[in-house]
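Participant: My questions will all concern the structure given below.
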Amino acid sequence: MLLGCCASRHWAERVAAHRPYPNPESLLAAADEASYDLTLAELEEALAGESPTGPPPADARGPGVLAARTALRAAHAEYRRRFRHTFVMCLDGYREDELLDQVLCGIRTRLGHAPVEERAVTAEELRRLARGRLTRLTRLATAANP
(Lines give C-alpha, C1' and ligand atoms only; values in the text may rest on other atoms or scores of the structure.)
Protein backbone atom coordinates (compact mmCIF):
# COMPACT_ATOMS: atom_id res chain seq x y z
CA MET A 1 0.00 0.00 0.00
CA LEU A 2 2.85 2.37 0.74
CA LEU A 3 4.27 1.98 -2.77
CA GLY A 4 0.86 3.10 -4.04
CA CYS A 5 1.41 6.35 -2.16
CA CYS A 6 4.99 6.87 -3.35
CA ALA A 7 6.78 4.47 -5.71
CA SER A 8 10.19 4.95 -4.09
CA ARG A 9 11.12 1.68 -2.38
CA HIS A 10 13.45 3.52 0.00
CA TRP A 11 10.62 5.85 1.04
CA ALA A 12 8.24 2.93 1.62
CA GLU A 13 10.88 0.98 3.58
CA ARG A 14 11.60 3.98 5.81
CA VAL A 15 7.92 4.54 6.55
CA ALA A 16 7.27 0.83 7.15
CA ALA A 17 10.34 0.46 9.40
CA HIS A 18 8.82 2.60 12.16
CA ARG A 19 5.42 0.96 12.43
CA PRO A 20 3.18 0.61 14.25
CA TYR A 21 2.35 4.27 14.47
CA PRO A 22 0.36 5.45 17.47
CA ASN A 23 -1.84 7.71 15.34
CA PRO A 24 -2.28 8.99 11.77
CA GLU A 25 -0.37 12.19 12.52
CA SER A 26 2.74 10.19 13.44
CA LEU A 27 2.49 8.20 10.21
CA LEU A 28 2.18 11.42 8.17
CA ALA A 29 5.16 12.97 9.98
CA ALA A 30 7.28 9.90 9.23
CA ALA A 31 6.19 9.98 5.59
CA ASP A 32 7.12 13.65 5.33
CA GLU A 33 10.53 12.99 6.87
CA ALA A 34 11.20 10.10 4.49
CA SER A 35 10.25 12.35 1.56
CA TYR A 36 12.81 14.99 2.49
CA ASP A 37 15.69 12.52 2.17
CA LEU A 38 15.01 11.17 -1.32
CA THR A 39 18.11 10.97 -3.49
CA LEU A 40 17.92 11.86 -7.17
CA ALA A 41 17.65 8.14 -8.07
CA GLU A 42 14.86 7.63 -5.50
CA LEU A 43 13.05 10.69 -6.80
CA GLU A 44 13.28 9.27 -10.33
CA GLU A 45 11.94 5.93 -9.06
CA ALA A 46 9.01 7.72 -7.40
CA LEU A 47 8.32 9.70 -10.58
CA ALA A 48 8.34 6.52 -12.68
CA GLY A 49 5.32 5.36 -10.67
CA GLU A 50 3.33 8.51 -11.38
CA SER A 51 1.04 9.29 -14.25
CA PRO A 52 0.91 12.87 -15.51
CA THR A 53 -1.30 15.27 -13.61
CA GLY A 54 -4.37 14.99 -15.62
CA PRO A 55 -6.39 16.29 -18.42
CA PRO A 56 -10.09 17.01 -18.11
CA PRO A 57 -12.05 13.82 -17.40
CA ALA A 58 -12.80 11.77 -20.52
CA ASP A 59 -16.51 12.51 -20.18
CA ALA A 60 -15.97 16.28 -19.82
CA ARG A 61 -17.97 18.28 -22.34
CA GLY A 62 -18.42 21.88 -23.15
CA PRO A 63 -16.70 24.79 -24.79
CA GLY A 64 -12.96 24.74 -24.56
CA VAL A 65 -12.53 21.14 -23.42
CA LEU A 66 -10.91 20.01 -26.67
CA ALA A 67 -8.65 23.06 -26.69
CA ALA A 68 -7.76 22.46 -23.03
CA ARG A 69 -6.88 18.82 -23.72
CA THR A 70 -4.70 19.87 -26.65
CA ALA A 71 -2.96 22.57 -24.60
CA LEU A 72 -2.38 20.18 -21.72
CA ARG A 73 -0.96 17.45 -23.98
CA ALA A 74 1.43 19.99 -25.54
CA ALA A 75 2.45 21.33 -22.12
CA HIS A 76 3.08 17.83 -20.77
CA ALA A 77 5.19 16.96 -23.84
CA GLU A 78 7.27 20.13 -23.44
CA TYR A 79 7.68 19.51 -19.71
CA ARG A 80 8.85 15.92 -20.34
CA ARG A 81 11.24 17.12 -23.04
CA ARG A 82 12.70 19.79 -20.79
CA PHE A 83 12.93 17.91 -17.48
CA ARG A 84 12.92 14.27 -18.67
CA HIS A 85 10.16 13.15 -16.31
CA THR A 86 6.42 13.42 -15.96
CA PHE A 87 4.79 16.54 -14.54
CA VAL A 88 3.23 15.93 -11.13
CA MET A 89 1.22 18.30 -9.02
CA CYS A 90 -0.84 17.74 -5.90
CA LEU A 91 -4.35 19.05 -6.45
CA ASP A 92 -5.74 18.28 -2.99
CA GLY A 93 -7.92 21.09 -1.75
CA TYR A 94 -9.03 22.38 -5.14
CA ARG A 95 -12.59 22.12 -6.40
CA GLU A 96 -13.14 20.02 -9.51
CA ASP A 97 -13.92 23.08 -11.59
CA GLU A 98 -10.52 24.59 -10.63
CA LEU A 99 -8.34 21.60 -11.49
CA LEU A 100 -7.67 22.28 -15.15
CA ASP A 101 -6.77 25.92 -14.52
CA GLN A 102 -4.46 24.89 -11.67
CA VAL A 103 -2.67 22.29 -13.78
CA LEU A 104 -2.26 24.59 -16.79
CA CYS A 105 -1.04 27.46 -14.61
CA GLY A 106 1.28 25.16 -12.66
CA ILE A 107 2.86 23.56 -15.68
CA ARG A 108 3.32 26.93 -17.41
CA THR A 109 5.01 28.37 -14.33
CA ARG A 110 7.19 25.36 -13.74
CA LEU A 111 8.38 25.21 -17.35
CA GLY A 112 10.23 28.45 -16.51
CA HIS A 113 12.19 26.83 -13.68
CA ALA A 114 15.83 25.83 -13.89
CA PRO A 115 16.24 22.04 -13.64
CA VAL A 116 17.60 22.19 -10.07
CA GLU A 117 14.72 24.40 -8.94
CA GLU A 118 12.17 22.15 -10.66
CA ARG A 119 13.64 19.06 -9.02
CA ALA A 120 13.00 20.63 -5.59
CA VAL A 121 9.44 21.62 -6.57
CA THR A 122 8.78 18.13 -7.96
CA ALA A 123 10.06 16.51 -4.75
CA GLU A 124 7.70 18.71 -2.72
CA GLU A 125 4.76 17.83 -4.99
CA LEU A 126 5.56 14.11 -4.58
CA ARG A 127 5.66 14.59 -0.79
CA ARG A 128 2.26 16.30 -0.89
CA LEU A 129 0.82 13.56 -3.15
CA ALA A 130 2.09 10.81 -0.82
CA ARG A 131 0.70 12.66 2.22
CA GLY A 132 -2.72 13.03 0.59
CA ARG A 133 -2.80 9.36 -0.41
CA LEU A 134 -1.78 8.25 3.09
CA THR A 135 -4.42 10.52 4.60
CA ARG A 136 -7.10 8.92 2.43
CA LEU A 137 -5.84 5.43 3.34
CA THR A 138 -5.89 6.16 7.05
CA ARG A 139 -9.46 7.52 6.75
CA LEU A 140 -10.51 4.32 4.99
CA ALA A 141 -8.81 2.16 7.61
CA THR A 142 -10.36 4.17 10.44
CA ALA A 143 -13.81 3.93 8.87
CA ALA A 144 -13.40 0.16 8.38
CA ASN A 145 -12.20 -0.39 11.97
CA PRO A 146 -14.01 2.08 14.24
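Participant: When the residues of segment 87-113 are narrowed to those that are surrounded by fewer than 17 Cβ atoms within 10 Å (Cβ to Cβ) and touching a Phe, Trp or Tyr at 6+ places or on another chain (Cβ under 8 Å), which ends up modelled with the lowest pLDDT?
Facilitator: Of everything passing the filter in segment 87-113, Gln102 is modelled with the lowest pLDDT.
Participant: For segment 66-86, what are the residues that are aliphatic (A, V, I, L, M) and either open to solvent by less than 80 Å² (accessible area, probe 1.4 Å) or touching a Phe, Trp or Tyr at 6+ places or on another chain (Cβ under 8 Å) (or both)?
Facilitator: Ala67, Ala68, Ala71, Leu72, Ala74, Ala75, Ala77
Participant: Could you tell me which residue of segment 114-134 is surrounded by the most Cβ atoms within 10 Å (Cβ to Cβ), considering only residues that are among the small types (Gly, Ala, Ser) and more than 11 Å from the chain's Cα centre (by Cα)?
Facilitator: Ala120
Participant: Here's another thing I want to ask about it. I need every pair where a residue in segment 134-146 that is at pLDDT 90 or above has its Cβ under 7 Å from the Cβ of a residue that is open to solvent by 100 Å² or more (accessible area, probe 1.4 Å), sequence separation at least 6 or different chains.
Facilitator: Cβ pairs passing all conditions: Leu137/Met1.
Participant: Test Ala34 against the stated conditions and say whether it is loosely packed, with under 14 Cβ neighbours inside 10 Å, over 14 Å from the mean Cα position of the chain (by Cα), modelled with pLDDT of 95 or more and within 18 Å of Thr135 (Cα to Cα).
Facilitator: Answer is no for this residue.
Participant: Go through segment 13-32 and report how many residues are assigned to a helix (DSSP H, G or I) and free of Cβ contacts under 8 Å to residues at least 12 places away in the same chain.
Facilitator: So the answer is 5.
The values are calculated or read from the model by the stated rules, or taken from the named source; none is laboratory data. This is a predicted model, so every value here is computed, not measured. Heads up, the Cβs are rebuilt from the backbone with ideal geometry, glycines too, and the neighbour counts pull from every protein chain shown. The area values use the complete protein model at the heavy-atom level, side chains included, leaving out ligands, DNA and RNA. Shrake-Rupley method; radii C 1.70, N 1.55, O 1.52, S 1.80 Å.
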